[in-house]
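Worksheet for the structure shown next.
The values are calculated or read from the model by the stated rules, or taken from the named source; none is laboratory data. Since the model is a prediction, treat every value here as computed from it, not as a measurement. Neighbour counts run over all protein chains shown; Cβ positions are idealised from the backbone, glycine included.
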Amino acid sequence: MPATSAPTLKDIAHATGYSLMTVSRVLRGAPKVSAEKRELVLKEAKRLNYRPDPHLARMMQVVRGKKQQRVRAVIAVIREHVPQDGLLSPSYQYVPIDDIRSRAHGHGYAVEEFWLGKEGLTPKRVQKILHARGIEGVIVSPQSMQLPCSKIDYSPFAAVTFGNAMSSPSLHMCAGNMTLGIHMAADQLTARGYRRIGVAVTQWIVNRSQFGYSGGLFHWQQSLPPADRVPLLLFPSNDISKGFDAFSKWMHEHQPDALITFDTHVPAWLRRLGLRIPQDIGFVVHDWTPKMPDYAGIYQQREHLAAAAVDLIVTQLSQHEHGVPAVPRQIMIPPRWVEGPSVRSLG
């Protein structure tokens, strides 16, 4: 009995009466196709049990990428401007817009940034703007405690969030694996002879990492003698400049010989306490960037976070997936240890 040939784009075009180009655009998730055409093409593709050839699809993607000079659509990046929450200072790092744009442009998308709280921009208003511009892809970068980004209705969008600061609605997420980061830094310090390693951050940082800092420290400390387990210090405010009293008390009580903490304020506080880096105490920046060459640190590789988030958006759009997912995908980027002059071998 002869095998039945697999349905093709031509079969779908014949069934719908649309051109091969229109059918192809619908099936690869291209924008600016009417809802009526999209619905009919997808209905006929399902009826015919059409399955794309993955090798051919990849070849055509490469060809289109070489031909395409214009950007075909826009991905929105939604940030938050809530100064009273104390999370917009240089103490806190976020995924740079240039890294997001670099990856998005490779897929043929432009990127526009929207700041909730600036110039009266509310969640309701930004949603209307996105709808009016036909923007379906949204990357959320929570940067406040109040989380106005959580008030957006994500049902029309393919969406991804950075970190776990916004736990509801539960979107697909890209984050740095800070459980691994804390283990890695502690191992590096231990190899140099440090024994009493302390971590000093804010509750918001812990929450954003899905408890990676606190959980990583707790797990790592289980192999230590109880006397060497320095408790986690959570600064009383997101405004690090207000934390000296709590920090000074913690330092006197627990006397760590190495710190994993912020690059802002803390170095000056150590000098105020009569401690020199690295002669008297080792110092590791918990969220290192290339702008911090004077310190060793945990590099969270946000360029890879940006790439992962954009790729998740593009995949959702190509599969016609919108709204809050039933099972959110989580991509965890492993951080990297960066050497620096703020630690030394204790011999």
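Looking only at the stretch 121-169, which residues are under 25 Å from Gln203 (Cα atoms), small (Gly, Ala, Ser) and touching a His at 6+ places or on another chain (Cβ under 9 Å)?
Ser144
So His107 fits all but one of (1) surrounded by 15 or more Cβ atoms within 10 Å (Cβ to Cβ); (2) closer than 17 Å to Arg302 by Cα; (3) modelled with pLDDT under 95; what number is the exception?
Against the list (1) surrounded by 15 or more Cβ atoms within 10 Å (Cβ to Cβ); (2) closer than 17 Å to Arg302 by Cα; (3) modelled with pLDDT under 95, His107 comes up short only on (2).
Looking only at the stretch 236-279, count every residue that is part of a helix (DSSP H, G or I) and of a type in the set (D, E, K, R) and tell me the total.
Residues that pass the stated criteria total 6.
Hey, among Val285, Val310, which residue is outside any loop (DSSP other than H, G, I, E, B), within 18 Å of the chain's Cα centre (by Cα) and modelled with pLDDT of 95 or more?
On the way: Val285 fails: within 18 Å of the chain's Cα centre (by Cα).
Unique residue meeting the criteria: Val310.
Please pick out the residue among Pro256, Pro236, Pro231 that is under 29 Å from Leu346 (Cα atoms) and without any contact (Cβ under 8 Å) to a residue 40 or more places away in the chain.
Numbers: Pro256 fails: without any contact (Cβ under 8 Å) to a residue 40 or more places away in the chain; Pro236 fails: under 29 Å from Leu346 (Cα atoms).
Exactly one of Pro256, Pro236, Pro231 is under 29 Å from Leu346 (Cα atoms) and without any contact (Cβ under 8 Å) to a residue 40 or more places away in the chain, namely Pro231.
When you scan the stretch 1-80 for helices (runs of 4 or more DSSP H) that lie fully inside it, which ones turn up with 1 or more residues that are surrounded by 13 or more Cβ atoms within 10 Å (Cβ to Cβ), out of contact with any helix residue (DSSP H, G or I) (no Cβ under 6 Å at 6 or more places or on another chain) and modelled with pLDDT under 85?
The qualifying helices (runs of 4 or more DSSP H) are 20-27, 54-67.
Checking the conditions here, which among Gln221, Gln210 is surrounded by 16 or more Cβ atoms within 10 Å (Cβ to Cβ), at pLDDT 95 or above and not hydrophobic (A, V, I, L, M, F, W, C)?
Working: Gln210 fails: at pLDDT 95 or above.
Exactly one residue qualifies, and that residue is Gln221.
What do you reckon, is Val206 outside any helix (DSSP H, G or I), under 30 Å from Ala306 (Cα atoms), in contact (Cβ under 8 Å) with a residue 12 or more places away in the chain and not assigned by TED's automatic domain parsing to the domain that holds Ala326? Before you say what the answer is, go through the steps one by one.
Details: outside any helix (DSSP H, G or I): no; under 30 Å from Ala306 (Cα atoms): yes; in contact (Cβ under 8 Å) with a residue 12 or more places away in the chain: yes; not assigned by TED's automatic domain parsing to the domain that holds Ala326: yes.
For Val206, the condition - outside any helix (DSSP H, G or I), under 30 Å from Ala306 (Cα atoms), in contact (Cβ under 8 Å) with a residue 12 or more places away in the chain and not assigned by TED's automatic domain parsing to the domain that holds Ala326 - is not met.
Assuming Asp99 fulfils every condition listed in (1) touching a helix residue (DSSP H, G or I) at 6+ places or on another chain (Cβ under 8 Å); (2) without any contact (Cβ under 8 Å) to a residue 60 or more places away in the chain; (3) outside any loop (DSSP other than H, G, I, E, B) apart from one, which condition is it?
For Asp99, the exception is condition (2).
Would you confirm, using the coordinates I've provided, whether Pro83 is modelled with pLDDT under 85, within 28 Å of the chain's Cα centre (by Cα) and either of a type in the set (Val, Ile, Thr) or closer than 30 Å to Gly163 by Cα (or both)? Steps first, answer last, please.
Numbers: modelled with pLDDT under 85: no; within 28 Å of the chain's Cα centre (by Cα): yes; either of a type in the set (Val, Ile, Thr) or closer than 30 Å to Gly163 by Cα (or both): yes.
Criteria not met by Pro83.
Please go through the stretch 129-156 and give me each residue that is closer than 22 Å to Arg302 by Cβ and in a loop (DSSP other than H, G, I, E, B), ordered by number.
Pro142, Gln143, Ser144, Met145, Leu147, listed by residue number.
Name every residue in the stretch 209-229 that is part of a loop (DSSP other than H, G, I, E, B), under 27 Å from the mean Cα position of the chain (by Cα) and either more than 30 Å from Met173 (Cα to Cα) or of a type in the set (Phe, Trp, Tyr) (or both), in order of residue number.
Applying the first criterion (part of a loop (DSSP other than H, G, I, E, B)) to the stretch 209-229 yields 209-211, 222-225, 229.
Checking which are under 27 Å from the mean Cα position of the chain (by Cα) leaves us with 209-211.
If the condition is that a residue be part of a loop (DSSP other than H, G, I, E, B), under 27 Å from the mean Cα position of the chain (by Cα) and either more than 30 Å from Met173 (Cα to Cα) or of a type in the set (Phe, Trp, Tyr) (or both), then Phe211 is the only one that fits.
For the stretch 274-313, give me each residue that is within 24 Å of Gly347 (Cβ to Cβ), surrounded by fewer than 23 Cβ atoms within 10 Å (Cβ to Cβ) and among the aliphatic types (A, V, I, L, M).
Passing the criteria: Leu275, Ile277, Ile281.
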